[in-house]
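Trainee: Let me begin by handing over the structure; questions about it come next.
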Amino acid sequence: MTALTLALGDLTREHADALVNAANSGLLGGGGVGGAIHRRGGPAILAECRALRAGRYAKGLPTGRAVATTAGDLDARWVIHTVGPVWSATEDRSALLASCHRESLRVAGELGARTVAFPAISTGVYRWPVDDAARIAVDTVRNTPTSVDEVRFVLFDERAYEAFARRIG
Ligand code: ADP
């Protein structure tokens with residue numbers, strides 16, 4: 001059984017085997033949680049991201065996929081970068097948001113990570129409504145077979161925390 005837990009605060013202050021980054025396809029940082037991860041994690045993370053862009057992901061990491069790097073100076077062994085979909089009112093992109101969670105868990109399992117902390121992927125700059133994002137995140141984690149013992153959702157504000165708490169029940 002995988003335990004689903006919740007925390008309110010800054011993902012980059014968490015201790016876990018793996019921290020998930022709500023990355024963009026370019027993998028080279030930016031704002032939001034990704035910016036915070038690179039700031040606190042130091043240059044080693046960016047160096048590995050650059051190497052991924054120079055090799056396997058020359059065109060960028062596709063939406064819904066996940067890839068791991070070192071966690072640099074963060075209190076974790078790995079950062080798992082995943083690219084959430086941008087919210088669309090006219091197109092249902094839920095499968096891609098579910099895929100971010102499934103793929104991140106798959107990568108975590110391959111690494112041997114037992115504890116994984118996720119932010120609320122796509123709910124920042126990508127504008128996904130947080131209640132719906134919580135539904136997709138929680139239901140996908142619950143329905144994905146994994147060797148991960150604990151999935152912790154780390155929410156940056158009370159509204160997101162409450163949305164995830166309601167969904168976990
Ligand atoms: P996206 O582009 O996938 O929407 P963002 O990083 O803009 O990614 O936002 C994703 C979520 O992460 C938002 O709910 C935002 O409030 C939250 N967030 C931003 N910084 C942090 C942080 N340091 N720790 C945890 N969550 C964060």
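Trainee: Once Lys and Arg get +1 and Asp and Glu get -1 on their Cβ, which of Ile136, Thr63, His38 lies farthest toward the positive end of the dipole of the chain?
Mentor: The one lying farthest along the dipole's positive direction is Thr63.
Trainee: Considering only DSSP beta bridges whose two residues both sit in the range 3-168, what percent are antiparallel, to the nearest 5?
Mentor: Just about 20 percent of them are antiparallel.
Trainee: Could you list which residues have their amide H under 5 Å from that of Asn21, counting only those 5 or more apart in sequence or on another chain, with H placed in the peptide plane?
Mentor: The list, which skips near neighbours in sequence, is Ile80, His81, Thr82.
Trainee: Now for a different question. Return one whole number: the accessible area per residue of the range 3-168 in Å², for a 1.4 Å probe.
Mentor: I get 46 Å² per residue for the range 3-168.
Trainee: Here's another thing I want to ask about it. About its Cα centre, what dipole magnitude does the range 1-58 give when the only charges are +1 on Lys and Arg Cβ and -1 on Asp and Glu Cβ, stated in debye to the nearest 20?
Mentor: Using Cβ point charges on Lys, Arg, Asp and Glu, the range 1-58 gives about 240 debye.
Trainee: Further question on the same structure: Count neighbours as other Cβ atoms within 10 Å of each site's Cβ, and list the trypsin sites (Lys or Arg not before Pro) in the range 101-151 that are DSSP loop with at most 13 such neighbours.
Mentor: Those satisfying the criteria are Arg127.
Trainee: Pick out which of His38, His15, His81 has the largest mean-square fluctuation in a Gaussian network model of the chain, springs linking Cα atoms closer than 10 Å.
Mentor: With Cα springs under 10 Å in the chain, the top fluctuation among His38, His15, His81 is at His15.
Trainee: Mean-square fluctuation check for the chain, GNM, Cα pairs under 10 Å: which of Glu91, Glu14, Glu158 is largest?
Mentor: Highest fluctuation of the listed residues: Glu91.
Trainee: Additional query: I'd like to compare 144-150, 30-36: which one has the highest average count of other Cβ atoms within 10 Å, and what's the full order after that?
Mentor: Packing order, densest peptide first, comes out as 30-36, 144-150.
Trainee: Treating only the Cβ atoms of Lys and Arg (+1) and Asp and Glu (-1) as charged, compute the dipole magnitude of the chain about its Cα centre; round to the nearest 20 debye.
Mentor: 420 debye
Trainee: I need the semi-axes of the equivalent ellipsoid of the chain: take the C-alpha gyration tensor, multiply each eigenvalue by 5, square-root it, list largest first in whole angstrom.
Mentor: Sorted largest first and rounded, they come to 22, 18, 15 Å.
Trainee: Moving on to the next point. Per the 1.4 Å probe, what fraction of the accessible area of the chain, in percent, lies on carbon and sulfur atoms?
Mentor: Exposed carbon and sulfur together represent 50 percent of the surface.
Trainee: Whole Å is fine, so just give me how far the alpha carbon centre of the range 107-154 lies from that of the range 32-82.
Mentor: 17 Å
The values are calculated or read from the model by the stated rules, or taken from the named source; none is laboratory data. As the structure is a prediction and not an experimental result, all values here were calculated from the model. Note that each Cβ is placed from the backbone with ideal geometry, even for glycine, and that neighbours are counted across all protein chains shown. With ligands, DNA and RNA removed, areas are computed over all heavy atoms of the protein, side chains included. Shrake-Rupley method; radii C 1.70, N 1.55, O 1.52, S 1.80 Å.
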